[in-house]
Amino acid sequence: MSFPLFILGVLTVAGAVAAMTLRNLIHCVLSLAVSFVGVAMLFLRLGAEFVGFAQILVYVGAVAILIVFAILLTRSGGVEPKPFLNSQWWIGLAIAIAVFGSLAVAIVGSKDLTSVALAEKTAPVKQIGIELMTRYVLPLEVIGLLLTAAMLGAVIIAWQEGDRK
Amino acid sequence: MLGTGLIKGMGETARNFFGSYVDKDRLPTQEYPEVPAQLKENTRQFPILVFDGEDPDKGLRCVSCQICEKECPPKCIYIVKSKDKKPDFLGKPQIYPATFDIDLSVCMSCGICAEVCPFEAIFMDTEFEIATADRFGGLLANREQLAKPNSHLQKIHPTMAKEIDDRRADASVKAAAKAKADAESKAKAAAAEAAKPKSEPPPPTPASTAPVAS
Amino acid sequence: MSLTSLAAPILANADQFLVDGKHAVIAWLVHFLPVAWQDVITGGLSILLTIAPITIGFATLFALSTWLERKGLGRIQNRMGPNRVGLPFLPWKLYGLGQPMADGIKMLIKEDIVPRNADKVLHFIAPVALLVPAFLAFSVIPYGDGMVPINLDAGLLFFFAIGASTELLVFCAGWASRNKYALLGSMRAIAQMISYELPLIISTFSVIMAVGSLSLVAIVDAQAGGLAHWHVFTPWGIAGFILFFIASLAEANRSPFDIPEGESEIIAGHLIEYSGFKYALFFMAEYLGMFAMGGLAISLFLGGYHAPFAFLEGWVPGLVWFVGKLLVMIAMFIWVRGTMPRLRMDQLMNFAWKFMLPMSLLVVVAAGLWRFVGGGWVGWLICGGLIVAPYLALSRGLFKARHWAKREYRYAD
């Protein structure tokens, strides 16, 4: 485990833990953004440039702001601190351990896992584009359809809001 | 078409930008301390008292009528009349101000004192660089400090000063002519009286020769 | 040896004077070190000597552009800009070139007021962290031949990703002040930045399609050879450049899109509670963002560091052309600021979504058609028509479709 990877891991996990434990909701969102950046840097470390930058562009640039708007619009009147652990915390702990355990067993025991930390060559963007247009064109079109549906839904909701007298 | 207004606007600003280097009209800035302030003729700052001729004591036009003191809105003028009289430009004896103080820190440059003065004695100066560090009397101007010669008035308000000078010149000519005519008629009357014999009763004093103030 | 033969090798490599200089400095410095450390120190020195000139250069350009802006706006408004401040303790006025220095000192010595209820950590971090994307964006722009700090394969995407992360920090700034108006201002700022990001990014799709790569070095290389090869002299290039220019004005919160920091609108919006040096940092981040967008516009549309004519290439360094073009872009930014009044928030949003987004999509289609038709006057006719006709129709239609709604009062229940 190389030193930079260790640092990135600590950053990501610390951001996620802070997002769960901080009292102020906006602080939670910002530490979530930090963990997004950590994930993006992990992508970069693996040589996936396009995915890493897209992660920053989409997650930090749009999703984090979306979450912030959602918090501000639904919790007007300040953010109230909640207690850290509620009464069923041990059920949550058990489920979390079960999920983590199964994932860890699956990942560590998989055949594709090698010990090379850095990819030898990075995937050029052109290659990603070609793959998207030839081999993965169906998922691309389905995603486009999904996004269109989401946009139409947003337009319809806003329309009704404006029509309502 | 959308955008033509914007393009025209950009052209106008470009014309302003390049024009400001070549055209005086497009850069009317005066760099003040290096260039003296170019003031218009009807600029008004603080009042001055005007005197004719060289000597401020003899030629001061102010006759201490105290109209400006009464009309001044913030009451910044303080006048004390003199006990004696001295002749004005028409020759009539007039009282003069023994004390004429204006508190320039109170004066609000409204110009009412200059408007109401019937003797053309007080005018608004154009001097504004009077700042001083002495706040206990540095801006209290007395009669000597306020007195400025007529030549100064001609410099700062040329048309107004010319018009006033013409009027006063006419008036003084008329007064001189009248005084001469009066002196002549008086001399004639005295000569006629001297030439008459003593027995005749003296003719009644003619009321028609009462002098009319000009 | 005559002067020309002495000068020839220098002129031949004049383009690379900075790169050669850097290598020479590293070689000289490494001399003094023990052999065991030489490799590591060489790497570190190389990075440092690449980053330091960029940082110092753009910070100096920031100071210079504040001076340029004040003088330029002054002349446009029929007055002189600042012309009194020269060097400290010296009698020469130098046309006011010392003004940025005086402004910097003023900002530094101002009292740093933090509101009592403010979120202290966020209040401190927001302006500092806002500089990070601003400086990172300079790392993928090619300033000359072989003078790009990082040659990323997805350089353009990196640039836009960095720009997008600015928005979260703007929100941080507004939120941390615990001020209703600061929050409102930062919401409006975020809405503006998000709205204009779409036309910004989509108008660059045409360039990416024409070149076939996301790497800025490849895009600049595709414009080598003089004015005819620059992207701005194609129908989609002109429209794309104009759209990119307008969108970058909006991204940098610059007039006529400076609602978020308008003094008379919302008293500096998300910057209300910041004073002194933090305000200067925000200001600096805005200007640096402007320079980065200008540099990107140059690389995408104006031929990067290439000379306008092929015979000038090589012996006049590419950096000179780049800086010259950047100064032209800055002059255009200042010119637009001096000309146009501020847009109202709803006018701004309408402009972005109803006008610029359809136009940028049309530019993408026109760029694709240009490839198929092949250029030449047929290409100009078709692609130009494809852009101009909808522009006329859209502008006429949007103008006519403005309806003045009856004012509605909604009371809080």
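The values are calculated or read from the model by the stated rules, or taken from the named source; none is laboratory data. Keep in mind the model is a prediction, meaning the values are calculated, not measured. Here the Cβ is made from the backbone with ideal geometry for all residues, glycine too, and neighbour counts use every protein chain on show. Accessible surface is based on the protein model in full, side chains and every heavy atom, while ligands, DNA and RNA are left aside. Shrake-Rupley method; radii C 1.70, N 1.55, O 1.52, S 1.80 Å.
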In order over region B:140-146: 3J(HN,Hα) from phi, Karplus 6.51/-1.76/1.60, θ = phi - 60°, whole Hz, x for each Gly or Pro, gives 9, 9, 9, 4, 5, 6, 7
Note: A:55-65 gets an average of partner chain Cβ contacts (10 Å, Cβ to Cβ) equal to 6
Yeah, region C:7-133 with a ≥ b ≥ c from its alpha-carbon gyration tensor (a/c under 1.5 is rounded, else prolate when a/b outruns b/c, oblate otherwise) is oblate
Here FRET efficiency (C-beta to C-beta, A:LEU46 to C:LYS106, R₀ 45 Å, nearest 0.05) is 0.40
Low-density loop chymotrypsin sites (Phe, Trp or Tyr not before Pro), region C:366-413, at most 12 other Cβ within 10 Å, DSSP non-H/G/I/E/B, are C:TRP404, C:TYR409, C:TYR411
Scan of chain B for GluC sites (Glu not before Pro) in DSSP loops with at most 15 other beta-carbon atoms within 10 Å gives a longest site-free stretch of B:130-214
Toy charge model, Lys and Arg Cβ at +1, Asp and Glu Cβ at -1: the protein assembly as shown dipole around Cα centroid in debye, rounded to 20, equals 1640
Probe 1.4 Å, protein heavy atoms only: C and B together bury a total accessible area in Å², to the nearest 100, of 1700
Ranking B:PRO36, B:PRO56, B:ALA14 by how far each Cα lies towards the positive end of the charge dipole of region B:12-68 (+1 on Lys and Arg Cβ, -1 on Asp and Glu Cβ), the top one is B:ALA14
Heavy-atom accessible area of C:MET80, protein chains in place, probe 1.4 angstrom, given in Å² to nearest 10, is 40
Projected onto the charge dipole of the protein assembly as shown (unit charges on the beta-carbon of Lys, Arg, Asp and Glu, signs +1, +1, -1, -1), the Cα from C:LEU343, A:ALA94, B:ALA171 with the largest positive-side position is that of B:ALA171
Rounded to the nearest 10 Å², the accessible area of C:ILE272 using a 1.4 Å probe with every protein chain kept is 50
Counting only protein heavy atoms with a 1.4 Å probe and every protein chain in place, the carbon and sulfur fraction of the accessible surface of region C:157-256 in whole percent equals 73
Restricting to aspartates and glutamates and to Cα separations under 15 Å from C:LYS22, and discarding same-chain partners fewer than 8 apart, the set is C:ASP145
Once normalised by the length of chain C, the mean sequence separation of its alpha carbon contacts under 8 Å that are 6 or more apart gives a contact order in percent of 20
Note to self: with every protein chain in place and a 1.4 Å probe, region C:182-280 gives an accessible area per residue in Å² of 29
Averaged over residues of B:13-23, the number of beta carbons from other chains lying within 10 Å of each residue's Cβ is 4
On protein heavy atoms with a 1.4 Å probe, the accessible surface that disappears when A meets C, both sides summed and given to 100 Å², is 2000
Chain C: longest segment with zero exposed GluC sites (Glu not before Pro), where exposed means DSSP loop plus at most 13 other C-beta atoms within 10 Å, is residues C:112-407
Here the whole-number average of other chain Cβ atoms within 10 Å per Cβ of C:156-168 is 6
Counting only protein heavy atoms with a 1.4 Å probe and every protein chain in place, the carbon and sulfur fraction of the accessible surface of chain B in whole percent equals 59
Filtering trypsin sites (Lys or Arg not before Pro) in region B:1-99 by DSSP loop and by at most 14 other Cβ atoms within 10 Å leaves B:LYS40, B:LYS75
The aspartates and glutamates whose Cα lies under 15 Å from the Cα of B:LYS162, excluding any fewer than 8 residues away in the same chain, are B:GLU41, B:ASP52, B:GLU120, B:ASP170
Violations at 19 Å Cα threshold for listed pairs C:LYS71/C:LYS93; B:LYS92/B:LYS174; B:LYS81/B:LYS178; C:LYS110/C:LYS278; B:LYS24/C:LYS325; C:LYS71/C:LYS110 -> B:LYS81/B:LYS178; B:LYS24/C:LYS325; C:LYS71/C:LYS110
Mean-square fluctuation maximum in Gaussian network of chain B, Cα pairs under 10 Å, restricted to B:THR43, B:THR13, B:THR99, hits B:THR13
Exposed trypsin sites (Lys or Arg not before Pro) being those in a DSSP loop with at most 10 other Cβ atoms within 10 Å, the longest stretch of chain C free of them is C:117-401
Computed, not fitted: 222 nm per-residue ellipticity of chain C from DSSP H runs ≥ 4 (each -39500 (n - 2.57)), nearest 500, equal to -22000 deg cm²/dmol
Row for region C:97-161, column shape: gyration tensor on C-alpha, a ≥ b ≥ c, rounded if a/c < 1.5 i.e. under 1.5, prolate if a/b over b/c, else oblate; value oblate
Computed about the Cα centre, the charge dipole of chain C from +1 Lys/Arg and -1 Asp/Glu charges at the Cβ has a magnitude in debye, to the nearest 20, of 1520
The whole-number value in µm²/s of the Stokes-Einstein translational diffusion coefficient for region C:137-189, with Rh from the Kirkwood sum over alpha carbon pairs at 4 °C and 1.567 mPa s, is 100
Applying the gyration tensor rule to the Cα atoms of the protein assembly as shown (axes a ≥ b ≥ c; rounded if a/c under 1.5, else prolate if a/b exceeds b/c, else oblate), the class is prolate
Plugging the Cβ-Cβ distance of C:VAL388 and A:ALA70 into 1/(1 + (r/R0)^6) at R0 = 41 Å yields, to the nearest 0.05, a FRET efficiency of 0.50
For chain B, dividing by residue count, accessible area per residue (probe 1.4 Å) in Å² works out to 67
Restricting to lysines and to Cα separations under 18 Å from B:LYS85, and discarding same-chain partners fewer than 8 apart, the set is B:LYS58
